[in-house]
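Asks: Structure provided below as structure tokens; questions to follow.
The values are calculated or read from the model by the stated rules, or taken from the named source; none is laboratory data. Because the structure is a prediction, the values reported are computed rather than measured. When we count neighbours, we look across all protein chains shown, and the Cβ atoms used for this are built from the backbone with ideal geometry, even at glycine.
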Amino acid sequence: MIVDENSNPFELGCATEVFGLSRPELGRDLYDFTLCSPAPHTVMRDGFFTLTGVAELEAAETADTLIVPNRPDIEVPRRPAVLATIRRAHARGARLVGFCSGAFTLAEAGVLNGRRATAHWQWAGQFRERFPAVHLEPDVLFVDDGDILTAAGSAAALDLGLHLVRRDHGAEVANSVSRRLVFAAHRDGGQRQFVERPVPDVPGESLAPVLAWAQERLGEPLTVAGLAARAAVSPATLHRRFRAQLGTTPLAWLSAERVALACRLIERGEERLDLVARRSGLGTAANLRARLRRETGLSPSAYRDRFGTGGGRLAGAT
């Protein structure tokens, strides 16, 4: 991770927490994480503190994944040395990550032209004016465009960080990291839920109770009507609350939770694909194959080979 003058401490903390800490509960470390800076003394945002004792910028030359600097003064040009480092990393095939205003850094380096990205909703207009060649998606928490990934606001750095852990190490490991963070392993919502709006006057509208109830019963035949009855609201009201709080629909949320459960079962060594489908509520092995490939880009066998605990093939997997 490159840290530069006026960088945000929060995103620095997010990256350190997700990628830099040892994981004794997993029996292994997930990443070799290094902080580097173009200067020996880096004054962080608003002069909160000065960062010293980190590696020089040259450390970024061998990174497989490079997190670029972000800061609140989006109009101030980035250091040429930092932009050159980002371009070289992109040219050699490194994965690039921008948190919040880090999308401006990536765009200034010229690596986002023709690519998809997101940035904080407050800066969407300015970003489009300055970088019209970038396909900005302002209504999502993060964008995964393959080798370049961007997160929207500051807290979305955690969403993107956990997504990278899930992509690199599987759902089970990502869930373990999220539990240690006490943070949701996957939020389906977008930035629309965070744009300024009046605070609702009606108390007790949290979806948390019904979500927890459904997560314990994913293998059962759940319906929107059943979820609404559990929440003691009409199906239309339930839809509105899902849209407002999660940025998705009840069925889409339910499908994503079932795929996540299927991934965990495969990672834990369950080899019977039909049993995985039944226990996760996906019904049939064919539906599981289709959903898993849509969500992860992998077949059940390929997913098990990459993230499973041992050898062997899933029965019925292709």
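Asks: So is F104 among the aromatic types (F, W, Y), within 28 Å of V173 (Cα to Cα) and surrounded by 17 or more Cβ atoms within 10 Å (Cβ to Cβ) or not?
Replies: Answer is no for this residue.
Asks: Let me ask something else. Can you find a residue that is modelled with pLDDT under 95 and charged (D, E, K, R) anywhere in the range 86-101?
Replies: There is no residue in the range 86-101 that is modelled with pLDDT under 95 and charged (D, E, K, R).
Asks: Tell me the residue from E58, E25, E75 that is at pLDDT 95 or above, among the acidic types (D, E) and either buried (at least 19 other Cβ atoms within 10 Å of the Cβ) or more than 18 Å from T150 (Cβ to Cβ) (or both), please.
Replies: E58
Asks: So which residues in the range 138-185 are among the charged types (D, E, K, R) and either assigned to a helix (DSSP H, G or I) or at pLDDT below 90 (or both), if there are any at all?
Replies: Listed by number, the residues that qualify are D139, D159, R166, R167, D168, E172, R179, R180.
Asks: What single numbered condition from (1) at pLDDT below 95; (2) surrounded by fewer than 17 Cβ atoms within 10 Å (Cβ to Cβ); (3) among the aliphatic types (A, V, I, L, M) fails to hold for L30?
Replies: For L30, the failing item is (2).
Table: residues versus (1) modelled with pLDDT of 95 or more; (2) surrounded by fewer than 15 Cβ atoms within 10 Å (Cβ to Cβ); (3) assigned to a loop (DSSP other than H, G, I, E, B).
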| residue | (1), (2), (3) |
| --- | --- |
| L222 | no, no, yes |
| L251 | no, yes, no |
| R258 | no, no, no |
| L288 | no, no, no |
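Asks: Oh, and also: What number of residues within the range 109-160 satisfy the criterion of being touching a helix residue (DSSP H, G or I) at 6+ places or on another chain (Cβ under 6 Å) and of a type in the set (D, E, K, R)?
Replies: So the count comes out to 1.
Asks: Output the number of the condition that F127 fails; it satisfies all remaining conditions of (1) hydrophobic (A, V, I, L, M, F, W, C); (2) assigned to a loop (DSSP other than H, G, I, E, B); (3) in contact with a strand residue (DSSP E or B) (Cβ under 9 Å, 6 or more places away or on another chain).
Replies: Answer for F127: the failing condition is (2).
Asks: Testing A124 on (1) over 29 Å from D32 (Cβ atoms); (2) exposed (fewer than 13 other Cβ atoms within 10 Å of the Cβ), one condition comes back false. Which one is that?
Replies: (2)
Asks: Further question on the same structure: Looking for whichever is assigned to a loop (DSSP other than H, G, I, E, B), over 15 Å from the mean Cα position of the chain (by Cα) and under 19 Å from A15 (Cβ atoms) here; the options are P72, P77. Which one fits?
Replies: P72
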